[in-house]
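A.B. asks: Below you will find the structure I want to go over with you.
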């Protein structure tokens with residue numbers, strides 16, 4: 001079912017579809033995710049575009065007719081549908097391919113192979129995992145993260161203190177039909193969160209938590225973030241990094257189209273400008 005369009009005038013040259021994220025994949029951010037994509041649609045309408053909004057649940061190749069798409073789709077079923085829609089679309093930001101690259105089992109391989117500072121990580125199959133088969137981290141605590149979509153439940157990203165805890169978490173993932181898990185070293189330092197838009201010179205960061213508040217090279221953080229987005233194919237993105245007590249920077253997560261909650265009003269305008277320019281250049 002097509003939802004109400006956001007319109008500015010009677011005639012348009014540019015037709016776009018906006019796809020909202022399924023609330024299941026917006027834990028603790030349902031309203032913020034809703035606001036950022038709707039405000040982006042409003043800004044596109046101000047630029048003269050015709051925008052029709054859809055929900056991730058209802059999209060299909062028969063429903064979404066617009067040639068240009070901006071999307072917050074993240075769930076596995078939604079990504080598969082978006083892939084099919086892309087076959088007849090001209091431009092999608094962020095593409096299904098880029099979103100799929102952000103699934104942790106893909107992101108871990110892609111960022112590690114690209115030389116971007118990333119934690120020591122291992123991908124395991126939750127069905128064939130053998131209890132305590134390898135002492136991956138020499139007895140130190142480590143993170144266990146679901147290997148596909150980003151966290152939906154609080155248990156999807158869990159700090160394990162021993163093999164027994166790890167075994168239980170991985171078995172629970174398997175019971176929930178999560179096929180792969182990423183085991184990742186725990187890094188000591190300050191955690192910073194960032195938001196960015198490629199090609200728009202927009203980068204914003206803040207301390208998510210921190211004990212040391214160690215000075216670090218902000219330009220290096222920005223460069224690592226942009227390099228990560230380019231490797232993954234993202235334009236609208238965010239992420240997290242850990243700053244070691246020595247000031248070293250390690251990217252620990254990249255997110256496709258986050259909420260931009262602290263900087264939403266600025267971000268939605270710039271995202272709209274990016275999309276508008278990309279479509280105009282495409283045409």
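The values are calculated or read from the model by the stated rules, or taken from the named source; none is laboratory data. Note that the coordinates shown come from a computational prediction; the quantities given were computed from them, not determined experimentally. Glycine gets a Cβ as well: all are built from the backbone with ideal geometry, and neighbour counts include every protein chain shown.
A.B. asks: Quickly run through region 58-74 and pick out the residues that are touching a helix residue (DSSP H, G or I) at 6+ places or on another chain (Cβ under 8 Å) and more than 13 Å from residue 98 (Cα to Cα). Write out each step before concluding.
C.D. replies: Quick first cut of region 58-74, residues touching a helix residue (DSSP H, G or I) at 6+ places or on another chain (Cβ under 8 Å) only: 59-61, 64, 68-74.
Once the filter is applied, which keeps residues that are touching a helix residue (DSSP H, G or I) at 6+ places or on another chain (Cβ under 8 Å) and more than 13 Å from residue 98 (Cα to Cα), region 58-74 yields 59, 60, 61, 64, 68, 69.
A.B. asks: Continuing with this model, one more query. Within region 191-228, count every residue that is in contact (Cβ under 8 Å) with a residue 40 or more places away in the chain and more than 21 Å from the chain's Cα centre (by Cα).
C.D. replies: Going through region 191-228 one residue at a time, the tally reaches 0.
A.B. asks: So for region 231-238 (the condition being assigned to a strand (DSSP E or B), more than 18 Å from the chain's Cα centre (by Cα) and surrounded by 22 or more Cβ atoms within 10 Å (Cβ to Cβ)), does at least one residue qualify?
C.D. replies: Step one: list which residues in region 231-238 are assigned to a strand (DSSP E or B), which gives 236-238.
Next, only the ones that are more than 18 Å from the chain's Cα centre (by Cα) stay: none.
Within region 231-238, none of the residues are assigned to a strand (DSSP E or B), more than 18 Å from the chain's Cα centre (by Cα) and surrounded by 22 or more Cβ atoms within 10 Å (Cβ to Cβ).
A.B. asks: Let me ask something else. Run residue 273 past the list (1) within 22 Å of residue 31 (Cα to Cα); (2) assigned by TED's automatic domain parsing to the domain that holds residue 33 and report the number of the one that doesn't hold.
C.D. replies: (1)
A.B. asks: How do the helices (runs of 4 or more DSSP H) wholly within region 1-117 filter down when requiring 1 or more residues that are at pLDDT below 95: which remain? Before the answer, list the steps.
C.D. replies: Numbers: elements: 30-46, 76-86, 96-102, 104-113.
Helices (runs of 4 or more DSSP H) meeting the threshold: 30-46, 76-86, 104-113.
A.B. asks: Right, another one. Tell me whether region 180-193 contains one or more residues that are more than 30 Å from residue 206 (Cα to Cα), assigned to a helix (DSSP H, G or I) and not assigned by TED's automatic domain parsing to the domain that holds residue 24. Talk me through it step by step, then tell me what you get.
C.D. replies: Of all residues in region 180-193, those more than 30 Å from residue 206 (Cα to Cα) come to 180.
Keeping just the survivors that are assigned to a helix (DSSP H, G or I) gives none.
Checked region 180-193: no residue is more than 30 Å from residue 206 (Cα to Cα), assigned to a helix (DSSP H, G or I) and not assigned by TED's automatic domain parsing to the domain that holds residue 24.
A.B. asks: May I ask you to list pairs of residues, at least six apart or on different chains, whose Cβ atoms are under 6 Å apart, with the first in region 27-39 being more than 10 Å from residue 264 (Cα to Cα) and the second being assigned to a helix (DSSP H, G or I) and modelled with pLDDT of 95 or more?
C.D. replies: Close Cβ pairs satisfying both conditions: none exist.
A.B. asks: So for region 211-221 (the condition being closer than 21 Å to residue 113 by Cβ and assigned to a strand (DSSP E or B)), does at least one residue qualify? Explain how you work it out, then say what you get.
C.D. replies: Our first condition is that a residue be closer than 21 Å to residue 113 by Cβ; within region 211-221, this holds for 220-221.
Next, only the ones that are assigned to a strand (DSSP E or B) stay: none.
For region 211-221, residues closer than 21 Å to residue 113 by Cβ and assigned to a strand (DSSP E or B): absent.
A.B. asks: Would you check which residues across region 147-177 are closer than 29 Å to residue 98 by Cα, modelled with pLDDT of 90 or more and touching a strand residue (DSSP E or B) at 6+ places or on another chain (Cβ under 7 Å) and list them?
C.D. replies: 157, 158, 159, 169, 170, 173, listed by residue number.
A.B. asks: Now, a different point. I'm checking my understanding of the structure. Among residues of region 96-126 that are out of contact with any helix residue (DSSP H, G or I) (no Cβ under 9 Å at 6 or more places or on another chain) and under 17 Å from residue 237 (Cα atoms), which one is surrounded by the fewest Cβ atoms within 10 Å (Cβ to Cβ)?
C.D. replies: 108
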